[in-house]
Amino acid sequence: MAQYTRVSGSVGLITLQSPPVNALSAAVRQGIVDSMQRALSEPEVKSVVICGQNGIFSGGADIKEFGGQMSGPPLIPMIHAIEAASKPVVAAIEGIALGGGLELALGCHYRIAHSKARVGLPEVTLGLLPGAGGSQRLPRLIGVPAALDLITTGRYVTAAEALKFGLVDQITDHNTVNVAVKFAQRVAGQPLDARRISTYPCLCPPDVDVLFEEVMQRVRRTARGAIAPIACVQAVRAAATLPYNQGMERERELMATLFTSGQTRALQYFFFAQRAVGRWSMPSGARWDTSKPRPVHKAAVIGLGTMGRGITVALAQAGFSVVAVETQEKQLMEAKQAISGMLERGAKRRGVAPALDKINYGCNIQSVADVDLVIEAVFEDMALKKKVFQQLSAVCKPGTFLCSNTSGLDIDQLACQTRNPELVVGMHFFAPAHVMKLLEVVYGPKSSPLAVATAMQLGKKIGKVSVAVGNCRGFVGNRMLKPYLEQALFLLEEGATPEFVDQVLEEFGFAMGVFRMSDLSGLDVGWKVRMADGLAVPNPTTGQATRLRQGRRYSPLGDLLCEQGRFGQKTGRGWYQYNKPGSQVAKPDPWLHSFLDEYRARHTLVARRIDHQEVLERCLYSMINEGFRILEDGIAAGPEDIDVIYVFGYSWPRHRGGPMFYATTVGLNKVLERLEHYHQAHPDVPSLQPCDLLRKLVGSGSPPIQKWREVIKKVRSQL
Ligand SMILES: C/C=C(\C)C(=O)SCCNC(=O)CCNC(=O)[C@H](O)C(C)(C)COP(=O)(O)OP(=O)(O)OC[C@H]1O[C@@H](n2cnc3c(N)ncnc32)[C@H](O)[C@@H]1OP(=O)(O)O
């Protein structure tokens, strides 16, 4: 709703009231319309101020209302009526003015912002465009190039930047509403014609066509199939080339297309999924709202390889004191230099001082004695990690949380090495750890809610999207990657090429196909794991047995490449060839094609034509199937956890919502039917056998994803 009061005798004050972010719900819109009518009809009122309660102007349209029956006054005519008002209307912007919130402010005749306020049009991130006149008013106010930047990226700007653009008229460090009221008194009675943005000509640079072409090309390149950024460019182009009313008509048409697209539904789901993962729970019943974290002031990182360096930078940049330990003197010096460089570059980008003094380096594990939390980031070797955990347990003060950055080893085994296994959790960062947003917080059977809450809060403080997951081989992300990689290899055996498989996955929206990604991560990483598991055996006997290991189909293709020293980008050869070791430009490799031909001939495999659909279905549905198993096993509490992990950690295209949401868009019955089909064709591939939970969901009528938790609860209670 909105509250109307009269202040200072002659100013009508409209306060938006819809906690927590004053979203423009039907009730708020109705409140604004009613309040404006009152303000315009009261002769004592000479001007109007619009503000939001609790120091927040507005977070924009109420996303919860999207997709439902539209009720209450629509936004566009409401904003038009404000702009057309005969008395000056001033927006008092505190906190945030985003999306429809900023569009409302653009309909006002003046905008006063607090110096700490941030404004932006993030609709593109929800698969939409600023469809309440924002795409037409913003370019008229701040010019086409700046408007294109804000609208196509959805980025927020500070009040200072907004002032520079001319987006706001004044900024203040004082009480914004008081300043706005005084301002409104001053401008009462002044002519308003020059204050109505919709009447402004659109400021275009002379080479505007070239600009639109360049922006469109960039947007198409980076959108990975998302349609909203393209529609945003088209809408701004309409502002630049058409009179206002026709531009609004174009905005409406483009919006109608976006609004009914699956992409906006996926992105809206993902918006709420990101928030849902913060409300974590454990199978024991422990939850985010009943488990208090303990403050962490000083942390330590053990092992300063690529991951340890990134973690150290992330902690120091967030203001934590860090003890960074590397036992080899030479490696320690190299790491120190690398970390300082990373901090300096990051600080330069953000215009702040580098946090070099936050880090103390040492080559002795004793130096972590007084820290509150340790993150172990040594090599992925269980024996080594166990030794480190034993040492940490002996050295650290009582109550220190001991965390491992393992990407999939058993957290419980590490916990067992310590005096206080309840203080042990996994903190699985993704490379580069100071850049990638994802953190898997892994609880073992002995981990306490206190340890999980503390790791989750630390993750938040260092800017990560943290997802709490259970302990199993590979946790959530890498466990689901296994069947995906496996299917990709089987497809090569059956006739596909790495470049074809990658092309299909990249067209789907992944930043990189599975083979390019493997080349980047290094093929030797998985090879070592498979050797430790007894799967990769050097020079096995030829024949059928090599493709059937531990009772299931196995492809040794990756192992054979590693045996040739082809580890991917770092060696200049892998699934692709590169100009030199370390180069990132992948080129198809004729050697690999001959190698695949010979391999197939050796195993009497006949290459067949594999189409796009089969690549997608086998790679993605096997991965999704594993996701259902993870839910069934209670490793992830809900589908949102899996989807957030895949979007932030594995470059799953956000506009497809994540693998579990994608399954709902395909139709759970279709996913089930295709898995059954492929499992029948490949009975020796267990990952293609449909999971019981998937069958149960289909059996209960494929409920919407928001209802899965109820079905999962029922399934688990029957176990
Ligand atoms: C056409 C389309 C038009 C005209 C639009 O306006 S589309 C909406 C454009 N606005 C946005 O995209 C802003 C979305 N919100 C945010 O970016 C952030 O929530 C925030 C910056 C406003 C606040 O961030 P923060 O302080 O970290 O808090 P949370 O993100 O956790 O949010 C708190 C709860 O508020 C809910 N919320 C936030 N914005 C909206 C909204 N626009 N509509 C409905 N609900 C919103 C959010 O979901 C949180 O609630 P819970 O999910 O935790 O219950």
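Residues in segment 212-222 that are at pLDDT 95 or above and either surrounded by fewer than 13 Cβ atoms within 10 Å (Cβ to Cβ) or of a type outside the set (D, E, K, R) (or both): 7 in all.
Residues satisfying the criterion are absent from segment 164-176 (criterion: among the charged types (D, E, K, R), in the same structural domain as residue 206 (by TED's automatic domain parsing), within 14 Å of the ligand (Cβ to nearest atom) and at pLDDT 95 or above). Of the residues making up segment 265-279, those that are surrounded by fewer than 22 Cβ atoms within 10 Å (Cβ to Cβ) and within 11 Å of the ligand (Cβ to nearest atom) number 8.
Counting the residues of segment 410-437 that are farther than 19 Å from residue 388 by Cα and out of contact with any strand residue (DSSP E or B) (no Cβ under 6 Å at 6 or more places or on another chain) gives 6. For segment 650-682, residues that are part of a loop (DSSP other than H, G, I, E, B) and either without any contact (Cβ under 8 Å) to a residue 12 or more places away in the chain or among the polar types (S, T, N, Q) (or both) total 1.
Tell me yes or no: at least one residue of segment 24-35 is outside any strand (DSSP E or B), of a type in the set (D, E, K, R) and either within 12 Å of the ligand (Cβ to nearest atom) or within 25 Å of residue 173 (Cβ to Cβ) (or both).
Filtering segment 24-35 for residues outside any strand (DSSP E or B) gives 25-35.
Add one more test, that the residue is of a type in the set (D, E, K, R), and what stays is 29, 34.
Okay, now just the ones that are also either within 12 Å of the ligand (Cβ to nearest atom) or within 25 Å of residue 173 (Cβ to Cβ) (or both), so 29.
Yes: segment 24-35 contains one or more residues that are outside any strand (DSSP E or B), of a type in the set (D, E, K, R) and either within 12 Å of the ligand (Cβ to nearest atom) or within 25 Å of residue 173 (Cβ to Cβ) (or both).
Taking each residue of segment 218-235 that is in contact (Cβ under 8 Å) with a residue 40 or more places away in the chain and looking for partners that are aromatic (Phe, Trp, Tyr) with beta-carbon atoms closer than 7 Å, six or more apart or interchain, yields 233/212.
Taking segment 456-466 as the range and being under 22 Å from residue 421 (Cβ atoms) and in contact (Cβ under 8 Å) with a residue 60 or more places away in the chain as the test, the residues that pass are 456, 457, 458, 466. Going residue by residue through segment 384-402, is there one that turns out to be in a loop (DSSP other than H, G, I, E, B), at positive phi and either more than 28 Å from the chain's Cα centre (by Cα) or surrounded by fewer than 21 Cβ atoms within 10 Å (Cβ to Cβ) (or both)? Yes: segment 384-402 contains one or more residues that are in a loop (DSSP other than H, G, I, E, B), at positive phi and either more than 28 Å from the chain's Cα centre (by Cα) or surrounded by fewer than 21 Cβ atoms within 10 Å (Cβ to Cβ) (or both). For residue 135, the criteria (1) crowded, with 19+ Cβ neighbours inside 10 Å; (2) in contact with a strand residue (DSSP E or B) (Cβ under 6 Å, 6 or more places away or on another chain) hold in every case but one, which is (2).
The number of residues in segment 567-617 being hydroxyl-bearing (Ser, Thr, Tyr) and either loosely packed, with under 11 Cβ neighbours inside 10 Å or part of a helix (DSSP H, G or I) (or both) comes to 4.
Of all the criteria given as (1) in contact with a Lys or Arg (Cβ under 7 Å, 6 or more places away or on another chain); (2) surrounded by fewer than 23 Cβ atoms within 10 Å (Cβ to Cβ), the one not satisfied by residue 105 is (2). Might you check whether a residue that is β-branched (Val, Ile, Thr), touching a residue at least 24 places away in the same chain (Cβ under 8 Å), within 16 Å of the ligand (Cβ to nearest atom) and surrounded by fewer than 18 Cβ atoms within 10 Å (Cβ to Cβ) occurs anywhere in segment 182-200? No, segment 182-200 contains no residue that is β-branched (Val, Ile, Thr), touching a residue at least 24 places away in the same chain (Cβ under 8 Å), within 16 Å of the ligand (Cβ to nearest atom) and surrounded by fewer than 18 Cβ atoms within 10 Å (Cβ to Cβ).
Criterion applied to 287, 275 was being outside the structural domain of residue 376 (by TED's automatic domain parsing), within 21 Å of the chain's Cα centre (by Cα), modelled with pLDDT of 95 or more and among the charged types (D, E, K, R), and the one residue passing it is 275.
Scan segment 525-539 and give yes if some residue there is over 32 Å from the mean Cα position of the chain (by Cα), modelled with pLDDT of 95 or more and under 27 Å from residue 684 (Cβ atoms), otherwise no. Scanning segment 525-539 turns up no residue that is over 32 Å from the mean Cα position of the chain (by Cα), modelled with pLDDT of 95 or more and under 27 Å from residue 684 (Cβ atoms).
Taking each residue of segment 242-265 that is touching a residue at least 60 places away in the same chain (Cβ under 8 Å) and assigned to a helix (DSSP H, G or I) and looking for partners that are within 13 Å of the ligand (Cβ to nearest atom) and β-branched (Val, Ile, Thr) with beta-carbon atoms closer than 7 Å, six or more apart or interchain, yields 258/264.
The residue pairs whose first member lies in segment 349-366 and is under 13 Å from residue 335 (Cβ atoms), whose second member is among the charged types (D, E, K, R), and whose beta carbons are closer than 9 Å, counting only pairs six or more residues apart or on different chains, are 359/336; 361/326; 361/336; 362/326; 363/326; 363/329.
The values are calculated or read from the model by the stated rules, or taken from the named source; none is laboratory data. Model, not experiment: these values are computed from the prediction. Cβ sites come from the backbone with ideal geometry, for glycine too, and all protein chains shown count toward neighbours.
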